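Comments concern the structure below.
Nothing in this text is a laboratory measurement; each read-out follows from the coordinates by a stated rule. Worth saying up front: this structure is predicted, and the values here are computed from it rather than measured. Positions of Cβ are backbone-derived with ideal geometry, glycine not excepted, and every protein chain shown enters the neighbour counts.
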Amino acid sequence: MLKTVTTDIAALKLLDERLRWLSAWTIHHANHLRDSADGLKVGGHQASCASMTAIMAALYFHALGEHDRVAVKPHAGPVLHVIHYLLGSQTREALENFRGFGGAQSYPSRTKDQIPVDFSTGSVGLGVAVTLFASLIQDYLTAHGRLDEQARGRFVALIGDAELDEGNIYEALIEGAKHDVRNLWWIIDYNRQSLDATSADRMFERFDEIFQSCGWRVVELRYGKRLKAALNKYLKLKAWFEALPNAELSALHYQGGAAWRTRIAAELGKSVAAFLKDHDDAALAALFTDLGGHCLESLVEAFDAAQDDVPTLFIAWTIKGYGLPFAGHKDNHAGLMNPTQLAALREAMGVREGHEWEPLESVGDNARPGVESLIERSRILREKRARAFGGVTIPALPAPAGDEQSTQAAFGRILLDLSKAGGDLADRIVTTSPDVTVSTNLGAWVNQRGLFRRDAIGDVFVKEKIASAQKWSSDKKGQHIELGIAENNLFLMLAAAGLAGDLFDTRLFPIGTLYDPFIARGLDALNYACYQDARFLLVATPSGITLGAEGGAHQSINPPLIALGQPGLRHYEPAFADELAAMMQEAFRLIDDPAGESTYLRLSTRTVAQVERPDDNWREGALQGAYWLRPPAPGAEAAMVAMGAVMPEALAAWDELSPDIPGLGLLSITSPDLLHRGWTAAQAARWGGERKPSHVEQLLSDLAPSAGLVTLADAAPASLSWLGGVLGQRVASLGVERFGQTGSLPDLYAAYRLDGTAITEAVAELLLPA
Ligand SMILES: Cc1ncc(C[n+]2csc(CCOP(=O)(O)OP(=O)(O)O)c2C)c(N)n1
Ligand SMILES: [Mg+2]
């Protein structure tokens with residue numbers, strides 16, 4: 001980084017053309033030439049690709065250094081694939097199978113594509129913001145002595161202009177300003193078109209101000225060299241051109257040279273007669289398409305001029321569909337060239353029929369060495385890296401002592417104990433929270449390990465000797481990254497920190513805390529983090545209506561259902577502190593295991609009596625999703641099934657009912673998510689000849705086939721009611737289905753039917769004849 005190289009612009013232009021052709025051809029092939037098994041449209045975005053090929057050529061074949069990482073605008077995915085095709089790291093088969101099963105993915109995917117993808121993209125806005133958090137993590141690692149100065153890179157986001165409407169970008173921008181973020185290039189493909197139409201004119205000037213006020217440098221690349229020179233000769237024409245509304249400009253680009261001539265003659269008359277005389281229609285069209293984002297000289301110059309670490313927004317003017325027959329047409333977002341149009345483009349680009357896939361087709365013999373040397377230079381820089389897993393020893397985490405504990409308090413204690421014990425794992429933990437650090441019990445850890453900032457900030461309250469339980473000073477050794485209240489940012493921070501092993505070859509163990517109901521606020525970013533296989537521990541606390549006095553606005557109901565449907569995230573919901581310690585240990589193991597995943601712990605502030613354990617046998621079951629807290633008699637006709645904070649009600653009901661219901665069991669559920677996964681996996685495996693029952697099938701087959709299950713959760717009852725489907729046992733399901741409200745636990749548990757009375761009634765419902 002921080003050094004520019006000399007690049008042969010003519011060769012770069014040829015590469016730009018190659019990218020434009022090959023991306024259009026890849027999409028065309030998938031839609032028009034490949035056999036269709038289902039008759040569905042395959043799709044792809046030829047116009048969005050053509051808009052960016054010059055920008056991407058200038059980046060990948062000139063500006064990017066070995067350690068730079070890029071989030072590519074999702075619908076320019078094909079351009080990234082064909083870049084790697086030229087570099088030799090993508091196969092023709094994968095391109096021929098673009099959007100097919102096992103082929104190149106529609107949108108760049110870290111986990112599904114064979115080429116190196118630095119950040120997956122797809123949900124617009126998220127790929128942009130994650131680069132900012134990756135840059136913060138880079139600063140964190142350098143400050144902690146875990147990343148060499150020479151191994152630092154720049155984080156680049158290639159952004160569609162309509163993508164700038166996504167609010168999460170501004171949430172990230174604000175957080176970045178607080179942390180003095182550096183080493184970012186955000187490059188806007190300013191084609192003034194979205195999916196539906198051309199974009200609104202009014203907003204764009206504001207973007208400069210917004211970014212500048214957050215400490216960014218804004219570089220506008222409006223003109224290519226030729227257009228700039230021409231307009232500087234005809235200032236009236238320039239003023240006219242600059243005043244064209246987006247829709248009119250796009251329409252003119254679509255209509256071409258004759259339309260430019262008519263409009264200019266009609267509106268500017270004599271003053272531009274000489275200009276019009278000098279340019280025939282084709283020359284006019286070519287000149288007006290020479291916008292900054294298509295001019296390789298301008299792009300290279302701009303990138304070379306931004307070699308410090310100041311975060312920089314490049315606004316590169318482009319034409320959506322540049323060089324294609326539907327350039328500038330407002331409906332071109334998903335537009336596909338028809339075979340006739342494609343053939344005309346092929347001819348125009350000098351590609352011989354039957355040679356469409358040849359990487360350097362149409363590059364003449366004289367130009368080849370120059371083009372090949374640019375490719376070779378980039379090939380070395382863009383090689384795929386192995387993922388770093390398995391280097392960290394995870395110590396046993398003892399359960400905190402105490403007869404009565406809440407899982408939330410226990411979480412804080414376990415982290416504190418780990419911090420005091422020290423060691424590699426403790427040093428690699430980085431915690432983060434959107435302004436709920438203290439109220440999610442991270443306070444003691446933060447007192448021990450401090451807040452992270454590149455520039456130290458003292459705690460004024462400590463300095464002034466004002467008593468406070470919480471130290472709030474930061475320096476570069478700190479291990480807690482403070483975030484403002486923006487849950488999207490939390491999840492994007494977890495995504496970036498959870499990819500530290502991949503991006504920086506250094507494993508971090510990120511822990512993020514937030515209030516359980518507000519998972520929904522950042523849900524797409526959470527999904528995004530999981531989709532990229534970022535590894536982290538998410539601790540959501542407090543949860544459920546057990547949060548009593550806080551009321552319905554803070555009481556979560558559906559997160560266990562969210563977790564049930566979220567790939568890449570394992571939900572654990574402990575009732576007791578020893579379960580929690582086992583789960584945290586397992587979560588850390590999963591972070592550093594190639595076959596692992598992220599973990600979500602749903603915790604509670606309710607203090608509950610801990611259970612006596614005769615042995616450690618519960619542990620394995622707890623990590624698999626459930627264990628018998630009170631084993632049933634073989635073939636018992638009934639069991640209670642409970643999860644998390646309502647375990648005391650289940651235990652009390654068990655004490656009360658078991659004398660009358662012989663063999664009544666009590667199943668403690670620690671992860672409906674794992675149980676469900678195991679169940680469906682075992683069913684699928686049976687078709688492959690493997691007959692091993694899943695964990696939940698084994699547990700429930702201790703009961704009679706006709707047994708009744710009463711399930712109990714401080715969550716949507718559907719979290720557990722599916723258990724009846726496993727062996728066909730009958731279910732009465734207790735849980736929360738209406739919005740919560742304020743109240744004491746006895747009041748709320750009675751009103752929402754989570755108390756002993758409700759349990760007794762539910763058991764009776766199942767056991768007594770109607
Ligand atoms: C969160 C999200 N919402 C909607 C979409 C669907 N979508 C894909 S691209 C797009 C418009 C993109 O326009 P722009 O960012 O300007 O990109 P261009 O194709 O013009 O380069 C939309 C709405 C999406 N991918 N992600
Ligand atoms: Mg656009």
Inset, instruction - Starting from the eigenvalues of the Cα gyration tensor, five times each then square-rooted, give me the equivalent ellipsoid semi-axes of the range 555-595, largest first, whole Å. - result: 20, 17, 5
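Counting other Cβ atoms within 10 Å, which trypsin sites (Lys or Arg not before Pro) in the range 132-241 have at most 13 and lie in a DSSP loop?
Qualifying residues, ordered by number: 202.
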Inset, instruction - Give the order of 710, 731 when sorted by the count of other beta carbons within 10 angstrom, beginning with the fewest. - result: 731, 710
Inset, instruction - For residue 111 and residue 698, calculate 0.36 nm times their separation in residues minus their Cα-Cα distance, and state this gained length in nm to one decimal. - result: 208.0 nm
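Need one word for the range 34-125: rounded, prolate or oblate. Basis is the Cα gyration tensor (sqrt eigenvalues a ≥ b ≥ c); a/c below 1.5 gives rounded, then a/b vs b/c decides.
prolate
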Legend entry - Summed residue charge, Cβ within 13 Å of residue 216's Cβ, Lys/Arg positive, Asp/Glu negative: -4
Legend entry - Loop trypsin sites (Lys or Arg not before Pro), the range 702-756, which have at most 15 other Cβ atoms in a 10 Å radius of their Cβ (DSSP): 738
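I need the calculated FRET efficiency for the pair residue 362 and residue 553, taking r as the beta carbon distance and R₀ as 56 Å, to the nearest 0.05.
Details: r = 62 Å, r/R0 = 1.11.
For R0 = 56 Å, the calculated efficiency reads 0.35.
Counting Lys and Arg as +1 and Asp and Glu as -1, what is the net charge of the other residues whose Cβ lies under 11 Å from the Cβ of residue 494?
Charge balance in the 11 Å sphere: 0.
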Inset, instruction - Calculate I(q)/I(0) for the range 106-215 by the Debye formula, one identical point scatterer on each C-alpha and no solvent, and give its log10 at q = 0.15 Å⁻¹ to two decimals. - result: -0.73
Inset, instruction - Can you check what the net charge comes to around residue 538, using other residues whose Cβ is under 15 Å from the Cβ of residue 538 (Lys, Arg +1; Asp, Glu -1)? - result: -4
Legend entry - DSSP beta bridges in the range 622-770 [antiparallel fraction, %, rounded to 5]: 20 percent
Legend entry - Ranked 139, 516, criterion: other C-beta atoms within 10 Å, fewest first: 139, 516
Legend entry - Cα point-scatterer Debye curve for the range 171-276, base-10 log of I(q)/I(0) at q = 0.09 Å⁻¹: -0.34
Legend entry - FRET efficiency for residue 379 and residue 628, using Cβ-Cβ distance with R0 set to 60 Å, rounded to 0.05: 0.55
Legend entry - Semi-axes of the equivalent ellipsoid for the range 353-397, Cα gyration tensor, largest first, Å: 45, 14, 4
Inset, instruction - With label points built 7 Å along Cα→Cβ from the Cα atoms of residue 741 and residue 523, find their separation and express it in nm. - result: 2.5 nm
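I want to verify the translational diffusion coefficient of the range 533-646 in µm²/s; compute it with Stokes-Einstein, Rh as the Kirkwood radius over Cα pairs, at 25 °C and 0.890 mPa s.
D, rounded to a whole number, is 158 µm²/s.
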Legend entry - Angle in degrees between helix 204-213 and the longest Cα principal axis of the chain, rounded to the nearest 10: 60 degrees
Legend entry - Simple spin-label estimate for residue 681 and residue 355 in nanometres, 7 Å along Cα-Cβ: 5.2 nm
Inset, instruction - Give, as ranges by residue number, the residues of the range 80-124 whose backbone N falls under 17 Å from the point 7 Å along Cα→Cβ of residue 386. - result: 116
Inset, instruction - Kindly express, to the nearest 10 degrees and within the range 0 to 90, the angle between helix 577-591's C-alpha long axis and the longest C-alpha principal axis of the chain. - result: 30 degrees
Inset, instruction - Could you please rank 289, 680, placing first whichever residue has the fewest other Cβ atoms within 10 Å of its Cβ? - result: 680, 289
Legend entry - Derived scalar couplings ³J(HN,Hα) [the range 159-176; Karplus, 6.51 cos²θ - 1.76 cosθ + 1.60; whole Hz; x for Gly, Pro]: 10, x, 5, 5, 4, 5, 7, 6, x, 5, 5, 6, 4, 5, 4, 5, 4, x
Inset, instruction - With both partners inside the chain, how many of the DSSP beta bridges are antiparallel, as a percent to the nearest 5? - result: 15 percent
Legend entry - Model label zone, residue 765; criterion: amide N under 13 Å from point 7 Å along Cα-to-beta-carbon; scope the range 710-751: 710-713, 717-718, 721, 730-737
Inset, instruction - Please list the non-local residues whose amide H lies under 5 Å from the amide H of residue 483, H modeled 1.01 Å from N, same-chain partners needing a gap of 5 or more. - result: 433, 435
Inset, instruction - Note the angle between two axes, namely the Cα long axis of helix 407-421 and the longest principal axis of the Cα atoms of the chain, as a number of degrees from 0 to 90, rounded to the nearest 10. - result: 70 degrees
Legend entry - Convex hull of the chain built on C-alpha atoms - directionally averaged projected area, nm²: 38.4 nm²
Inset, instruction - Determine the gain in length on full extension of the stretch residue 304-residue 123; use 0.36 nm per residue of separation and subtract their C-alpha separation, reporting nm with one decimal. - result: 62.1 nm
Inset, instruction - Starting from the Cα gyration tensor of the range 433-588, take the square roots of the eigenvalues, sort them a ≥ b ≥ c, and report rounded, prolate or oblate (rounded when a/c is under 1.5, otherwise prolate if a/b is larger than b/c, else oblate). - result: oblate
Legend entry - Cα Rg over Rh - the range 332-457, Kirkwood: 1.37
Legend entry - Residues in the range 408-446 reached by a label modelled at residue 477 [backbone nitrogen below 20 Å; 7 Å Cα→Cβ]: 416-432, 443-446
Legend entry - Rough spin-label spacing in nm, given labels placed 7 Å along Cα→Cβ, for residue 274 and residue 236: 1.2 nm
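Across the range 320-475, how many lysine pairs separated by 8 or more positions, or lying on different chains, have Cα atoms within less than 28 Å?
Number of lysine pairs found: 5.
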Inset, instruction - Compute the FRET efficiency between residue 593 and residue 461 as 1/(1 + (r/R0)^6), taking r as their Cβ-Cβ distance and R0 = 60 Å, and round to the nearest 0.05. - result: 0.90
Inset, instruction - Divide by every residue of the chain the summed helix terms, -39500 (n - 2.57) for each DSSP H run of at least 4, and state the resulting mean residue ellipticity at 222 nm, rounded to the nearest 500 deg cm²/dmol. - result: -11500 deg cm²/dmol
Inset, instruction - Determine the gain in length on full extension of the stretch residue 297-residue 206; use 0.36 nm per residue of separation and subtract their C-alpha separation, reporting nm with one decimal. - result: 30.0 nm
